[in-house]
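Take a look at the structure set out below.
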Amino acid sequence: MSNTEFQDGELRREQEFIDGLYARVDALRGDTEGSVTDALAQGNTPMQARLERDILVAERSGLLAALNAVDGSLCFGRIDLASGATHHIGRIGLRTDDADHTPILIDWRADVARPFYLATGHTPMGLRRRRHITTSGRTVTALHDEILDLGDQERTGHEDPSGDAVLLAALDAARTGRMHDIVQTIQAEQDEIIRAPHRGVLVVEGGPGTGKTAVALHRAAYLLYEHRELLAKRAVLIVGPNPAFLGYIGEVLPSLGETGVLLATVGELFPGVRATATDTRAAAAVKGRADMADVLAEVVRDWQALPDPVIAIEHDREILMLDDDLVRVARERTRDAKLQHNVARETFEGHILNTLTELYAERVGTDPYDGGSLLDASDITQIRDEIAENPEVWAAIDQLWPRLTPQRLVADFLADPVGYLPDEDAAAIRRPVTREWTVADVPLLDEAAELLGEDDRVKRALAERERETQVAYAQGVLDVSYASRTYEFEDKDEEDSEVLSAHDIIDAERFAERHEEDDHRSAAERAAADRTWAFGHIIVDEAQELSPMAWRLLMRRSPTRSMTLVGDPAQTAEAAGVGSWRKILQPYVEDRWEHTRLGVNYRTPAEIMDLAAAVVRAENPDFEPPSSVRSTGVRPWVRATDDLPGAVAKAVEELTPAEGRLAVIAPRHLHRKLAARLDGVTAGAEPDLTRGVVLLDPRQSKGLEFDSVLVVEPGLYGTSDLYVALTRATQRLGVLHTGRLPQALAEGMSG
């Protein structure tokens, strides 16, 4: 047999396995869809059957979603053990239908699959061969074999001497505007982080291109696999820096069979509010400071007012005067209870009603001869009840201790912050009440919600009224059932009449409970609508950019402090960004957190990384960038121009790849002028990263990657923003400028 025939035979055998695998998948898909449809068609069934139906729907729907998500590249590898056994590795696990449930495909997260990522010739971990299987849809297109047992003489013709062919092919592949999973090419240092213990805070630091975002997403998939029962109930939250970034990473977890994860920006973490406006750097810095929590607490206390000077209430032809002293006593007694503002209102109402009752009782119930009281306890109770029906009383209470929403509290504060902040800070954040919310406002709203709480008496009353209606309806159904049974058996034997009916075994309340509407939302969907939700795990990307107030919001959503924080302090650009891991975590977990660093750059070629590193070293001579794994031989270029829009249009034609994506990164104020010269590019809209050319500012480009990048007017960037912009390219980089070129950039080009 020739070598070519042997190679073809190996391809054919893998293709036969893949064909069999997908035959099994198609059968499962058909069974799943049919089972779910049958279950849903059952309608109103007894309670146990409904429970079984719900479990079936959840399990089968989840499996169906996973199968659909990973359909195109289900299997990507094989490991051959020294014992002679072989295991195929894939994005999800599949088993046979027989009694033994023999594994057909091993989930990449299973322990038995770990040697696929960690084994080396020096430490083979019981393997003799590792095979990477490349597919296009359901067709096997290439095999790459790594020999791990050097004593094994068998050869397939698909050996990869370096073992890097699959990784380099993935790095050189054209970008699509969506992040791909790295499940086929996870490196050893990445695997250690992905499988790190679930509990506690893990900080993953890494420079541009080190794969920290991909590692964090695969860690989410691994944790969902390893702790399914817990995290399926509590959900995993992934926080990204902007909507474009969330769109960019949105397909990674579904491609790994995981769909029950909530992706959100900080601006989307207050239900009912979607932050769309932009703050100035000065305003964002002020709003993000930790002391804003104390400021808002002071604002809440100021809403708990005193009369100025008195409030006169007419009741039954008597004028009752609530003065400063009387209300102050009621206020302090209410504050002593240490309750949230809206929750405490019920206590305040009680004190005011008691005070007014005492005032009225003194007026009408005092014996004119001996000064004693003419009223007994029942009289006092009646007076209090009558006062509680007086609208003037409730108007006074609303004035002194109003019910507040977080939106009203924060909006009114921002409209007039004078007296709470230094004049310069107050001027920076002042804005009209009607203005749209910004991302920096959302942590303020969340803080306000914590301070205010919710007076749920009205909600509880409505719920109780609804429950009473349901019970009454259920009782009617049971009464009809009982009447029908009585009529049916009135002419029958006594023995027959002993047959039990629904009326005999269930009361109206339990009957109503069984028919309450089920909540079929996923944990992620329920979490998105519930500000007080406690997540099972939280992953934060670009974590160095979050403000102290944003961290207060996130820590409320993670009472167990189970978190993975991903970022790079060297890329801190936001005015309110903390930057330091210790400053972020010290207030919440002290020193009880783990830190790891990714030091290999898989994205940025060495030629581009050297230039970007020179920019940072101009400010920080000790800066050490991640090491690039590849060199393209293509040096970045820098050009001066007098016609910026024209030069950008020409450079875009030059840099746009035949396949892949190009990003023009420019200061926001230039976008409209540049977009006018670029076909299909719109300024001001949320960027569509799947288009061939996109226009971004440096902050929007964080965490993204493109085949080619054109950086415009670098002299207008801060060091962090410029470092980010220069490191987005996987192949080619160009720089255009009309003004002064940063000295470090000029020196880097000449170096």
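The values are calculated or read from the model by the stated rules, or taken from the named source; none is laboratory data. The model shown is predicted, which means the values in this text are computed figures rather than measured ones. Counting neighbours? That spans all protein chains shown, and the Cβs are built from the backbone with ideal geometry, glycine included. Ligands, DNA and RNA are excluded from the accessible area calculation, which covers all protein heavy atoms including side chains. Shrake-Rupley method; radii C 1.70, N 1.55, O 1.52, S 1.80 Å.
Annotations
- Global geometry of region 652-692, whether rounded, prolate or oblate, following the gyration tensor of its Cα atoms and the 1.5 cut on a/c: prolate
- Put simply, when 576-586, 722-732, 283-293 are sorted by average Cβ atoms within 10 angstrom per residue, most first, you get 722-732, 283-293, 576-586.
- Peptides 670-681, 184-195 ranked from most to least packed by the mean count of surrounding Cβ atoms within 10 Å: 184-195, 670-681.
- The stretch between R228 and T102 holds 43.2 nm of extra length on full extension. This uses 0.36 nm per residue minus the Cα-Cα distance.
- Under a 5 Å amide H cut-off, with hydrogens placed 1.01 Å from N, L148 pairs with R129, R130 among residues at least 5 apart or on other chains.
- Accessible surface of S255 - all protein chains present, 1.4 Å probe, nearest 10 Å²: 20
- Cα gyration tensor category, rounded, prolate or oblate, for region 106-165 with a/c compared to 1.5: oblate
- Charging the Cβ of each Asp and Glu at -1 and of each Lys and Arg at +1, and nothing else, the dipole of region 318-386 about its Cα centre rounds to 520 debye.
- Per residue, the solvent-accessible area of region 615-751 (1.4 Å probe, heavy atoms of protein chains only, all protein chains present) comes to 45 Å².
- Local electrostatic count at T641 - Lys and Arg +1, Asp and Glu -1, tallied over other residues with Cβ under 11 Å: -1
- Three-way shape label, region 258-374, alpha-carbon gyration tensor, a/c 1.5: prolate
- Projecting the Cα atoms of G206, Q184, Y225 onto the charge dipole of region 180-228 (Cβ charges, centred on the Cα centre) puts Y225 farthest toward the positive pole.
- The GluC sites (Glu not before Pro) found in region 581-642 that occupy coil by DSSP, while having at most 16 further C-beta atoms within 10 Å, are E590, E619.
- Compared with the direct C-alpha span, the chain from R521 to D643 gains 38.5 nm at full extension, assuming 0.36 nm per residue.
- Nearest-20 debye value, region 547-595 charge dipole, Cβ charges on Lys, Arg, Asp, Glu: 260
- Scalar couplings 3J(HN,Hα) for region 634-640, obtained by applying the Karplus form with A = 6.51, B = -1.76, C = 1.60 to θ = phi - 60°, are 10, 7, x, 10, 10, 9, 8 Hz; x denotes Gly and Pro.
- Region 149-291, accessible surface, carbon-and-sulfur percent (1.4 angstrom probe): 54
- Farthest toward positive dipole pole in region 268-323 [+1 Lys/Arg, -1 Asp/Glu at C-beta], among V300, T278, V310: T278
- Probe 1.4 Å, accessible area per residue of region 236-371, Å²: 46
- Karplus-derived 3J(HN,Hα) values for region 650-659, using 6.51 cos²θ - 1.76 cosθ + 1.60 with θ = phi - 60°, are 5, 5, 4, 4, 6, 8, 4, x, 4, 10 Hz; glycine and proline are entered as x.
- From phi via Karplus (6.51, -1.76, 1.60), per-residue ³J(HN,Hα) for region 213-223 in Hz, x at Gly/Pro: 5, 4, 4, 5, 5, 5, 5, 4, 5, 5, 5
- Chain lengthening between A388 and L118 when straightened (0.36 nm per residue, less Cα-Cα): 89.9 nm
- Summed residue charge, Cβ within 14 Å of T102's Cβ, Lys/Arg positive, Asp/Glu negative: -1
- For region 287-353, alpha-carbon Rg relative to the globular expectation (2.2 N^0.38 Å, N residues): 1.37
- For the peptides 217-230, 560-573, residues were scored by their other Cβ atoms within 10 Å and the scores averaged per peptide; the highest-first order is 560-573, 217-230.
- Pairs beyond 25 Å (Cα-Cα), from K287/K673; K233/K702; K233/K338; K233/K583; K287/K583: K287/K673; K233/K702; K233/K338; K233/K583
- Note on region 610-732: with neighbouring protein chains present and a 1.4 Å probe, carbon and sulfur make up 44 percent of its accessible heavy-atom surface.
- R0 of 45 Å, Cβ-Cβ distance D323-A427: FRET efficiency to nearest 0.05: 0.75
- The Cβ shell under 11 Å around G209 holds other residues with a net charge of +2, Lys and Arg each +1, Asp and Glu each -1.
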